[in-house]
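Below: the structure, in structure tokens.
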């Protein structure tokens, strides 16, 4: 059984985007990047690092911060939650709603067909 991906909130996700791009990264450098890109204080950045460490999203060892959860895992968990909460778990209902409001190019439609075909083969 796999461990569920911890919930990451919007501001934490923006922090993680910086981390994923630069990891592993010295915490002092991460504080500087968060100040520059998010406008956060040193205290705010360290609070977020601590909170995400406690939830198993990041680790901070010897002032080096790295992720324990990938961007793809977080994105997949968010989509799963959205589909479950908004579409009663129906992926076809989610895709129907998405494509009703966003026109797919032929290339995008072909890519979706390939993904569906590959998933069906597993």
### Message
Per-residue counts of other Cβ atoms within 10 Å, averaged by peptide: what ranking do you get for 97-105, 53-61, highest first?
### Response
53-61, 97-105
### Query
If contacts are Cα pairs under 8 angstrom and at least 6 residues apart, what is the relative contact order of the stretch 10-71 in percent?
40
### Message
For the chain, what does the helix formula give at 222 nm: sum of -39500 (n - 2.57) over DSSP H segments with n ≥ 4, over the residue count, nearest 500 deg cm²/dmol?
### Response
-21000 deg cm²/dmol
### Query
In degrees from 0 to 90, rounded to the nearest 10, what is the angle of the helix 42-54 Cα long axis to the longest principal axis of the chain?
60
### Task
Percent of Cα-Cα pairs per 5 Å bin, from 0 to the last occupied bin, for the stretch 38-92, please list those.
4, 17, 17, 18, 15, 12, 9, 6, 2, 0
#### Entry: Candidate values (1) 16.7; (2) 14.3; (3) 13.7, label of the one derived for Kirkwood radius over Cα pairs in Å
(1)
### the stretch 5-62 versus the stretch 64-122: alpha-carbon centroid distance in Å
26
## Note on the structure
Treating every alpha carbon of the stretch 10-71 as one equal point scatterer without solvent, the Debye formula yields log10 I(q)/I(0) values at q = 0.25 Å⁻¹ of -1.07
### Query
Once the Cα atoms of helix 91-101 and of the chain are each reduced to a long axis, what angle between those two axes, in degrees from 0 to 90 to the nearest 10, is obtained?
90
## Note on the structure
In degrees rounded to 10, the 0-90 angle between helix 106-120 Cα long axis and the longest Cα principal axis of the chain is 90
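Taken together, the values in this text are just the output of simple stated rules run on the coordinates, not laboratory data. Quick caveat, the model's predicted, so the values are computed rather than measured. Cβ sites come from the backbone with ideal geometry, for glycine too, and all protein chains shown count toward neighbours.
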